[in-house]
Structure formats: structure tokens, C-alpha cells
Amino acid sequence: MSTHDIQAYVFPVPNGKKITIALEELNIPYDGHLVNLKKGEQFNPEFLKISPNNKIPAVVDLHPPKEFGEGSLSIFESAAILRYLAEYKAGPGAPDLYPKDPRKRIKVDEWLSWQIAGLGPMMGQAIHFLTYAPEKVPYGIERFTKETERLLGVLNKRLGEYPYVAGEEYSIADIASYSFVVSWSEATKEDTPYPNVKAWLDRIGSRPAVKRGVERANALMSHS
Ligand SMILES: N[C@@H](CCC(=O)N[C@@H](CS)C(=O)NCC(=O)O)C(=O)O
């Protein structure tokens, strides 16, 4: 049953946690739905109607703003979802996670794209070869681990220059990268050797809304 405008379809992996974290930060009430990737639920025809690429996350807004016209709105791809939520759905007292100032906004777009196209896929492949591949493939492990480490080095440099990924202010770009970097430490069982990344992880991870977002995603799985 739907009780809120926003219906979030997730699984407790970094791409799902991004959305629950953003919803908590933005003070947006929502109903969470588990799409159990372990059971192949991402291929259910009903889910494919809102996420044709058979991946989480996806969001349905039952009552989008007037400029979107009549009817509910479905969105897949996490960057599109994060931008939409921050721009159109932020609740009372929420931080501005997607600034209107064009110079600030382009930095958020840059680093959000960097996560979606670089950090996420490379880290995903590295974790696959390190943890899930049915055979040990040294070439795959080395290629994707090296690239992930390079990307973490880039992030470390950036966070030596600015407190947050997109600059002086916390934004959806931080949320997008945060849960991936946490999962890298979990997968490699090592604390990150990058001091600026470590300080940033601690800073973001101590935010109450971030904790709530992670818990909410995990709870969907444990209550399923
Ligand atoms: N570029 C997509 C990536 C989404 C993605 O890779 N989702 C994975 C979980 S991390 C998924 O649903 N995989 C299921 C599948 O490929 O069948 C986004 O940012 O939303």
C-alpha cells in the first residue's frame, strides 16, 4: 500500500543506499520497497516498467510538481533520481544538496558523473573479481583494483582541497560516493590509506540522516 508520494525501489547495496540516504537528508517521507536482487526481482515485468535496465534504484513520484504535467512519474538511474529529489522534493528544513548557483551546480554534476561513470562501475568490477568471481582471475583483480585505487587517489586529492566532494558544501555528490567508498573498505577489509578520504568518510558517516538512510535500506532486507 502506498502512503507517501515517493515510492523508492532499492536493495541494500551502495546504489540503493544512496537513495535512502538522500531521502532522509532531504526530509522526504517515502515508502521503501525491496527489489531483491538475490531473487532476480529486478527482472519482474512490473519493475521493468519503471526501470527498463533491470537495475535498482528506481523511484516513483505519485504526485510530481505541476511542471511535470498529469500523472505519476517514474525515474531510474541514481543520478537522475538524486537530482530530481534535491531539486523538486526537498522537505522543510532540508539542506540544499543541489545548488542553483550555476558554478556550484556544475561541480556537483561533474562529481556525480564521476561517481556514476567511474568510481561505481570500476569499484563494482573490482569487488566482483575480488569477492564473487567463481574463479580467481589475477588480470581482472589487478586491472579493476588498480583503477579503483587511482580513483580513490583522485578523491583524496580533491578532499585535500575542499571539505566536500563538490566544494565547500555537502551535496548529492557526497552521498553518491559515500556508500561506495564505505563498501570498498568492507570488501578489502582495510581502512582506506587515504587520510582525506578517511576524514570525509567519518564526517559523512556521522550524520544522523546518513545513519538512518543506511539503516532503512538494511531493514528492508532484514524484514523481507
Ligand atoms: N548506473 C546505475 C547503476 C545501477 C546498478 O548497477 N544497480 C545494480 C545494483 S548496484 C543492480 O541493480 N544490478 C542488478 C542487475 O544488474 O541485474 C545507477 O547509478 O543507478
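What the table below lists for this structure:
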{"quantity": "Number of the exception - Lys211 against (1) closer than 24 Å to Glu25 by Cβ; (2) buried (at least 16 other Cβ atoms within 10 Å of the Cβ)", "calculated": "(2)"}
{"quantity": "Any hit, the range 53-75, residues being part of a helix (DSSP H, G or I), within 13 Å of the ligand (Cβ to nearest atom) and either of a type in the set (Gly, Ala, Ser) or outside the structural domain of Ile106 (by TED's automatic domain parsing) (or both)", "calculated": "no"}
{"quantity": "Test set (1) of a type in the set (Phe, Trp, Tyr); (2) over 25 Å from Leu34 (Cα atoms); (3) touching a residue at least 12 places away in the same chain (Cβ under 8 Å) - Phe180 fails condition number", "calculated": "(2)"}
{"quantity": "Candidates Ala79, Ala86 - the one that is part of a helix (DSSP H, G or I), more than 13 Å from the ligand (Cβ to nearest atom) and surrounded by 15 or more Cβ atoms within 10 Å (Cβ to Cβ)", "calculated": "Ala86"}
{"quantity": "Helices (runs of 4 or more DSSP H) wholly inside the range 127-224 that include at least 1 residues being basic (Lys, Arg)", "calculated": "138-161, 195-205, 208-222"}
{"quantity": "Number of the condition not met by Val137 [criteria: (1) within 13 Å of the ligand (Cβ to nearest atom); (2) in the same structural domain as Asp202 (by TED's automatic domain parsing); (3) surrounded by fewer than 17 Cβ atoms within 10 Å (Cβ to Cβ)]", "calculated": "(1)"}
{"quantity": "Ala94 vs. criteria at pLDDT 95 or above, among the small types (Gly, Ala, Ser) and either within 20 Å of Ile56 (Cβ to Cβ) or assigned to a helix (DSSP H, G or I) (or both)", "calculated": "no"}
{"quantity": "Among the candidates Thr188, Thr192, Thr145, residue that is more than 21 Å from Leu97 (Cα to Cα), out of contact with any His (no Cβ under 9 Å at 6 or more places or on another chain) and at pLDDT 95 or above", "calculated": "Thr145"}
{"quantity": "Pairs, first of a type outside the set (Lys, Arg) in the range 79-98, second surrounded by 21 or more Cβ atoms within 10 Å (Cβ to Cβ) and at pLDDT below 95, C-beta under 6 Å, six or more apart", "calculated": "none"}
{"quantity": "Residue identified as more than 16 Å from the chain's Cα centre (by Cα), of a type in the set (Asp, Glu) and within 12 Å of the ligand (Cβ to nearest atom) among Glu46, Glu41", "calculated": "Glu41"}
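Yes/no per residue for (1) under 26 Å from Leu159 (Cα atoms); (2) touching a residue at least 60 places away in the same chain (Cβ under 8 Å):
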| residue | (1), (2) |
| --- | --- |
| Glu24 | yes, yes |
| Gly40 | no, no |
| His63 | no, no |
| Glu70 | no, no |
| Glu77 | yes, no |
| Lys104 | yes, yes |
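The values are calculated or read from the model by the stated rules, or taken from the named source; none is laboratory data. The structure presented is a predicted model; accordingly, all values stated were derived computationally and were not measured. Because the Cβ atoms are built from the backbone with ideal geometry, glycine has one as well, and the counts that use them run over all protein chains shown.
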